[in-house]
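The structure appears right after this line, and notes come after that.
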Number of protein chains: 2
Amino acid sequence: MKLALIGFGTVGRGTYDILKARENILKDTVGGLEIAYIVASDRSAERLGKELPEKVVTAKDYDAVLEEVDIVAEATGAMDMAYDYMKRALEAGVAVVTANKAAVSAHFEELNGIAEEKDVPFLFEAAVGGGIPVLTPLRGLCLENEIESVQGILNGTCNYLINAMFKEGAEYDATLKLCQELGYAEQDPTDDVEGFDTRRKLHLLIEMAFGHVDGDAIPTRGIAQLNGDIVSFLNEKGQKVKLVASAKPVEDGIEAVVEPVILDAADSLAILPDAINQVNVKGSFVGDLAFTGPGAGKEPTGNAVVADIISAATKSAMPLLKRGVKKLAPVKGRYLVAKKLSGDVAEREEGDFTITREISREELLSLIDKDTFFARIESQSL
Amino acid sequence: MKLALIGFGTVGRGTYDILKARENILKDTVGGLEIAYIVASDRSAERLGKELPEKVVTAKDYDAVLEEVDIVAEATGAMDMAYDYMKRALEAGVAVVTANKAAVSAHFEELNGIAEEKDVPFLFEAAVGGGIPVLTPLRGLCLENEIESVQGILNGTCNYLINAMFKEGAEYDATLKLCQELGYAEQDPTDDVEGFDTRRKLHLLIEMAFGHVDGDAIPTRGIAQLNGDIVSFLNEKGQKVKLVASAKPVEDGIEAVVEPVILDAADSLAILPDAINQVNVKGSFVGDLAFTGPGAGKEPTGNAVVADIISAATKSAMPLLKRGVKKLAPVKGRYLVAKKLSGDVAEREEGDFTITREISREELLSLIDKDTFFARIESQSL
């Protein structure tokens, strides 16, 4: 099997290193995977050409590359360019493997449709939960079960940041700065802390487990409103907050949301350390499953890309069920709100906080402004 | 694809129910799976023949069945008979799927050898961790990684019993009796509480991840020595004990052991509720992964059997690496012992308990009798 690796940043390098390290094992077991081409930007190509024994080419050679290879591993991290690379590969009947959650989330229906039409693998294990093998088992679970819910912590930056705030009792801004210094948060942290990265991953889980929805329309709130007072209040009560993505089928569609959630401090999502991710899947027959591991990083993500490359090479991925278009249903829940709320939405007040009765998220949003912290209560003890 | 289902007890029924419930989906996606035969005991065959639309036959028809089917799903729970059914199927070039950890553990090398020689799938996802998809992803992980350790809680009875003791502060005998009444423990609980069931599952993980070892020789200690005093002592210190299976490659072989282990109360294995199982896998590239879910039960186990049937039908399981014979290496650790130990093995005493320095398990056993509780300390805070 001949492979073209597109992009040689963190994920590309991780993928390359693992393929090289496991070369003999892959030769013995799946018949060998030759890295035939590395497609790089004009700027990188010259440097990489000196560094790597493989043939390094640029975008202008891509059509010729597609004629020769069986699998494209897209690892650019780009958006439009990645979409173009993937689409052209699938249209040419070449299998596509990618870690690119943004491009897959934005173009899932189209890319998956072309892959089905051309009957070639289109795999993106690394796009959700980094190194965790979760999308691959989820494909199988969808054949055996109606999926009753998916839920998870899908963003390592937020998990690390929240854990640090609970451990150190520090304020949000100081902790974010620390995370940036340690490399756990980007210089522009918007995508992570506002929940957009989590939303894209939840969108992919929904596409696999439930059907096609508008990913950008999934209600999303991040963690930027969290502060030391909220952490102290929760710590005293043996509670924790995490940024949780959830989706489940309900009567009028899919109830999906990304928002802070209050969990009992001993919940498996609450104790999730460092930047670890976890995906919980509930199947009608299998019951509650959890998949836990590193959600990012060169080698974990590379591991997932290589796993997909092997799947594509051996055509062993389970088919995705065709599920049609689904509507996003209104979200409701009991909420902890960092504000005194008048009227009948309050179940009770605790100091400066309100605990609401079960209300629609929309109603809640109408009562607060964008700087007011709120979190859905899933804990049994608040 | 034609399937013969052998045995119609809990696992057989679960498998049958799921195949029936998902019949149309499987037809659309993997091309259909016909349950052509159900092989039952003489005693059951007549009853089942009236109950089921499928052709119910007995052992005497098995050779004829093998000529017609592509896959045998063995769900008898028996030992020698199950081995015979599986061996004959594999020799006839028929794929074998099983939930039978005892028969697979006892005959792994031979059965897997025949399967490789005949190039037919031999799959046993349901034999470790019940419904949890773990052996299937582990096959892939072994291609991409050197596996650095496997560890887990692999027996739901022990997990339930220990959780109940910690929750209720009750004694071992009373809790076991309660577990038996609730159906969480067998009338003869030996296999579970002495760790033998856990040992078989650890053995299968070792065969997949590291190489061939004598499963019966894995050092094993169960939980029957646990009592209320030990639970109180650990509760006071924020510690918990669980029956943990562990294996890792070391210089002189594979260090493998099943024994009670002290964990920090917030460890993911410590908080594992009810009869839930968890398998932790550490890969050289991917890092630490955990797979969590129901370790037993009709539908979870049936789910895993059906997953393997689909894998066998589509020939999509990853190949197992050939790893050769490995030696079991001596086990060592720091231990909590419910006895005052004289001499230089003690790091310190706490009341009636001794906490040892790192010693060999063999030395520890020479200092205590079979009724003395001990547990290896993995917690960082004891």
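Can you tell me which residue in segment A:314-332 is least open to solvent (accessible area, probe 1.4 Å), limited to those that are within 11 Å of chain B (Cβ to nearest Cβ) and either small (Gly, Ala, Ser) or farther than 19 Å from residue A:138 by Cα (or both)?
A:316
Counting only residues that are at negative phi, free of Cβ contacts under 8 Å to residues at least 24 places away in the same chain and open to solvent by less than 40 Å² (accessible area, probe 1.4 Å), give me the strands (runs of 3 or more DSSP E) lying completely in segment B:39-115 with at least 2 of them.
The strands (runs of 3 or more DSSP E) meeting that bar are B:55-57.
Residue by residue through segment B:83-127, note down the ones that are of a type in the set (A, V, I, L, M) and within 14 Å of another protein chain (Cβ to nearest Cβ).
The answer is B:97, B:99, B:123, B:126.
Which residue pairs have Cβ atoms closer than 7 Å, lie 6 or more positions apart in sequence or on different chains, and pair a first residue in segment A:141-162 that is more than 25 Å from residue A:301 (Cα to Cα) with a second residue that is open to solvent by less than 10 Å² (accessible area, probe 1.4 Å) and of a type in the set (S, T, N, Q)?
These pairs meet every condition: A:144/B:303; A:145/B:303.
I'm trying to understand the selection: among the residues of segment B:338-381, which are in a loop (DSSP other than H, G, I, E, B), without any contact (Cβ under 8 Å) to a residue 40 or more places away in the chain and open to solvent by less than 70 Å² (accessible area, probe 1.4 Å)?
Those that are in a loop (DSSP other than H, G, I, E, B), without any contact (Cβ under 8 Å) to a residue 40 or more places away in the chain and open to solvent by less than 70 Å² (accessible area, probe 1.4 Å): B:341, B:368.
For the list (1) among the hydrophobic types (A, V, I, L, M, F, W, C); (2) free of Cβ contacts under 8 Å to residues at least 40 places away in the same chain; (3) surrounded by fewer than 20 Cβ atoms within 10 Å (Cβ to Cβ), I need the number of the one condition that residue B:270 fails.
Unmet for residue B:270, out of (1) among the hydrophobic types (A, V, I, L, M, F, W, C); (2) free of Cβ contacts under 8 Å to residues at least 40 places away in the same chain; (3) surrounded by fewer than 20 Cβ atoms within 10 Å (Cβ to Cβ): (3).
Would you mention how many residues in segment B:323-337 are small (Gly, Ala, Ser) and touching a residue at least 60 places away in the same chain (Cβ under 8 Å)? Talk me through it step by step, then tell me what you get.
Going residue by residue through segment B:323-337, those that are small (Gly, Ala, Ser) are B:324, B:329, B:333.
When the remaining residues are screened for being touching a residue at least 60 places away in the same chain (Cβ under 8 Å), the result is B:324, B:329.
The total comes to 2.
Out of segment A:2-38, which residues are within 14 Å of chain B (Cβ to nearest Cβ) and assigned to a loop (DSSP other than H, G, I, E, B)?
The initial filter retains those residues of segment A:2-38 that are within 14 Å of chain B (Cβ to nearest Cβ), namely A:10-11, A:13-33.
Residues satisfying the conditions are A:22, A:31, A:32, A:33.
With A:147, A:162, A:153 as the choices, which residue is of a type in the set (Val, Ile, Thr), farther than 27 Å from residue A:329 by Cα and within 19 Å of the chain's Cα centre (by Cα)? Full working, then the answer.
Working: A:147 fails: farther than 27 Å from residue A:329 by Cα; A:153 fails: farther than 27 Å from residue A:329 by Cα.
Result of the check over A:147, A:162, A:153: A:162.
From the residues in segment A:282-311 that are aliphatic (A, V, I, L, M) and in contact with an Asp or Glu (Cβ under 8 Å, 6 or more places away or on another chain), which one is farthest from the other protein chains (Cβ to nearest Cβ)?
Restricting attention to segment A:282-311, the residues satisfying the condition of being aliphatic (A, V, I, L, M) are A:286, A:289-290, A:296, A:304-307, A:309-310.
This time we only want the ones that are in contact with an Asp or Glu (Cβ under 8 Å, 6 or more places away or on another chain), so: A:286, A:304-307, A:310.
Values: A:286: 4, A:304: 8, A:305: 10, A:306: 5, A:307: 5, A:310: 6 Å.
Per the criteria, the residue is A:305.
Would you mind telling me which numbered condition in (1) surrounded by fewer than 24 Cβ atoms within 10 Å (Cβ to Cβ); (2) outside any loop (DSSP other than H, G, I, E, B) residue A:126 fails?
Just one mismatch for residue A:126, condition (1).
The values are calculated or read from the model by the stated rules, or taken from the named source; none is laboratory data. Being a predicted model, the structure only gives us computed values, none of them experimental. A quick note on method: Cβ atoms are made from the backbone with ideal geometry, for glycine too, and the neighbour counts reach across all protein chains shown. Just so you know, the surface numbers come from the protein's heavy atoms only, side chains and all, with ligands and any DNA or RNA stripped out. Shrake-Rupley method; radii C 1.70, N 1.55, O 1.52, S 1.80 Å.
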